[in-house]
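The structure appears below as C-alpha cells.
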Amino acid sequence: MSSRATVSLYHMIWAHYRLPFLKVIFLNLVNAAVSVGIIAYINHTFISQPVFNTLSWASLGQFSALVVLLLVTTFLSQYALTRLGHQFVYELRTKLVKQIIDTNVPQIDHLGSARLLASLSSDIQSITVAFVRMPELVQGVILSVGVALYLGWLSLPLLLIVMFWIAMTIWISTILVKHVYTHLRELREINDLLYEDYQSIIDGRKELALNQHRAEKLYKDDFLNHAKSYQHRVIKSDTYHLSAVNWSNIMMFAAIGVVFAVSNYLAIPMGIATTFSLTILFMQSPILHAVGAYPTLQTAQVALDKIQSLELAEYQPTFTTDIGVNNWQSISFNDIDYRYASIDIDTDANEVVVKENEHSSDILKSVNLTLKRGDVVFLIGANGSGKSTLAKIITGIFTPSIGAVKINSQLVDSENNADYRQLFSAIFSDQHLFKQLIGREGQQPDEALVNTWLHKLNLQDKVSVTENQLSTDKLSQGQRKRLAMLIAVAEQKDILLLDEWAADQDPAFRRVFYQTLIPELKALGKTLFIISHDDGYFEHADRLLLMKEGRLIELNAEERQRASADAIAMLA
C-alpha cells in the first residue's frame, strides 16, 4: 500500500508560518548583533586597551546596558519562537482531532484506537518538546554566524582554522546523532505496541482477573518483551546523544588550545587570540544546547511522520450539520454488495483510493431494500450473516462496494453522504455514551421530552439531567442502553436504528420496549430499524427481514408466522 508523501517539520513551518517565523529570525538576528557587540566591547575596552587606564564608571555603565539589552533581546527572541511553536502544536493537535472525526469509520477501525491514542499523546508531546528546545537551536545557529563574521574581521586565517575544527566536531556529532534518529524511529514503533498492551490490560481487566495464566502470558510474553525492547533502544539512543554532547563539549575546550598554538605559529597578537578564546567559551553553551536540541527535532520529525502515516481525511474546518432531505419518503438500497476494503493513497492525485480486498469474501450480496417513512422494520439473522454490516450501510457509515443508495430517487454519493447520515440516530451493540444531551439540529434538547422519556425508561431514580448533562453513566449494561435511548430520542432524528438493543434488558422491560416504547417512538414520527431475535414480539413489526449468508430476504405472512413460532429454526 502506498502512503501519502510526508512533509518535513521545517517545510510545514515555512509553508504555514512564514511571516511569524521571519519575525523570529529578525529578533534572533538582533540578539546575535547584541551578543557580538558585547564581545567587541569587551575586546575593545578590556583586552585591547590597558584596562586600569581606560576603565571608568561610564564604560561599566555601557557594559551593563549591553548586558541588559542582551537579556531583553534573548527573552524576546525565545518568547517569540516558543509562542510560535506552541501555536503550531495547538493547531496540529486540533486539526488532528478534527481529521479523526472526519475520517471514515473503516479507516479508523483499521488504524485501531491504540495507534491513534499514541499519536494524540506521545507524538504531539514529542513535537511540543521539540518546539520548547527549538529556540536553543535557532539562537545557536544565528549567534554562531554573527560571531563568525566578527571574528573573521579580526583574523580571517585564525577563523578558518577554528571553523575547520568546529566543523569537524559537528560532523562527528552529526554521525552520532544519525544513530540517535535511527533508534528514535524504532522506539516510536515499539511505543505503538506498548499502547496496545496498555489497552489490553485496561480493557481486559475483568478477563485477566479471572485467568491468571492469561494475565501472566500478556505480562511476560508481550508487555515485558516490548518494555525491554524500549529500554534497550532508549539506552542506545541516549548513549549516542550523550556521546555527541560530550564530544562537542571536549572539542570546544580543545579549540582554545588550538587558538593559542596557531596564534603563536602565525604571530597573531595575543589580544586577538584572547578574544577568540573568550568567544569560544561564550559560544560553548549555545553550541552545546543547539547540538542537544537537534535530537528532539529529530524525534519531532519521527512523530510528524507517524501522524502523517495515519492517512486521515483532509482537514476541513467546518462540520456537516443537519442539512439532509427533510421531506424524504423512501430510502432504497439497490443491488448492494459489501466486502472489506483496503485503503490506498494516490499521491499524484492526492486523494484516498478504496481498493477491494481480494482475500475477503462478500459480506453482503445483492441486497435490495426499500425503507419507507414511518416503517417499523425488524431484522433477524445468525451471527456473521451481515446484520451489523447492513446496519452500517443503512446509516451511511459504510459505503457499498457495489450498488447504489438513493433517497427519494436522489443518489447518495461521497458528496452528500455526510448529509445523509444526519437523518439517523443509532444505538449499536458497542455504543459509546456521551453525557451531553443535544436536541434537534444541535439546539437545546426539549426539556419536557427528556423528562418524559427519563420516566418512560425507568431511569428517574438513577440519573438526573442538569444543564443538559447526565449526572452519571455508571450503570448496568441494560440501563446504559436505556441512557443511549434517551440521548437518541433527545436528538429528534427521523430514523432510529437499534442493534440488539433489547438483548440487554430484563424480561419485564423488554416487554415494555416492544409493547409500549415502539408505538410511542412511531408516534413521534420515527422510522425504526431494529435488529432483534425476540420472536415473541415480531407482531409489533410492520415488516420482518431475514439476513442469511449475506443475502436479505423479506418474509411473507406465512414465513413471519413460522419465525414468530421459532426464529432459531429460520436462521438455520
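Per-residue Cβ neighbour counts within 10 Å put Ile531, Ile250 in the sequence Ile250, Ile531, beginning with the fewest. Roughly what angle does helix 270-308 make with the longest principal axis of the chain, taking Cα atoms, 0 to 90 degrees, to the nearest 10? For 270-308 against the chain, the angle is about 10 degrees. The Cα center of segment 459-480 and the Cα center of segment 235-260 differ in position by 62 Å. Listed by Cβ neighbour count within 10 Å, with the fewest neighbours leading, Tyr195, Tyr10 appear as Tyr10, Tyr195.
Nearest 500 deg cm²/dmol is fine: what mean residue ellipticity at 222 nm does the chain get from its DSSP H runs of n ≥ 4 alone, each adding -39,500 (n - 2.57), divided by its residue count? After summing the helix terms and dividing by the residues of the chain, the value is -19500 deg cm²/dmol.
Assuming charge only on the beta carbon of Lys and Arg (+1) and of Asp and Glu (-1), the dipole of segment 415-559 about its Cα centre is about 400 debye to the nearest 20. Label sites at Val145 and Asp203, each approximated as a point 7 angstrom past Cα along Cα to Cβ, lie 5.0 nm apart. Checking every one of the chymotrypsin sites (Phe, Trp or Tyr not before Pro) in segment 99-182 against DSSP loop status and a limit of 10 other Cβ atoms within 10 Å picks out no site at all.
Say the cut-off is 28 Å between C-alpha atoms; which of Lys98/Lys493; Lys365/Lys522; Lys178/Lys228; Lys406/Lys493 go over it? With Cα atoms farther than 28 Å apart: Lys365/Lys522. For the chain, the longest piece that avoids every one of the trypsin sites (Lys or Arg not before Pro) found in DSSP loops with at most 15 other C-beta atoms within 10 Å covers 1-372.
Computed 3J(HN,Hα) for segment 479-484, one whole-Hz value per residue from the Karplus formula 6.51 cos²θ - 1.76 cosθ + 1.60 where θ = phi - 60°, is 6, 5, 5, 5, 4, 4, glycine and proline marked x.
Within the shell of other residues whose beta carbon sits under 14 angstrom from the beta carbon of Ile108, the net charge comes to -1, with Lys and Arg scored +1 and Asp and Glu -1. Of the GluC sites (Glu not before Pro) found in segment 421-523, the ones in coil according to DSSP and having at most 10 other Cβ atoms within 10 Å of their Cβ are Glu467. Between the amide H of Gly403 and those of Asp337, distances stay under 5 Å, these residues lying 5 or more places away or on another chain, with hydrogens modeled in the peptide plane. Can you match Kirkwood radius over Cα pairs in Å to one of these, [x] 23.6; [y] 32.2; [z] 29.5, based on a calculation from the structure here? The listed entry that was calculated here is [z]. Between segment 90-113 and segment 176-200, the C-alpha centres lie 21 angstrom from each other.
Readers should treat all values here as calculations from the given coordinates under stated rules, not as data from a laboratory. Note that the coordinates shown come from a computational prediction; the quantities given were computed from them, not determined experimentally. All Cβ positions, glycine included, derive from the backbone under ideal geometry; neighbour counts span all protein chains shown.
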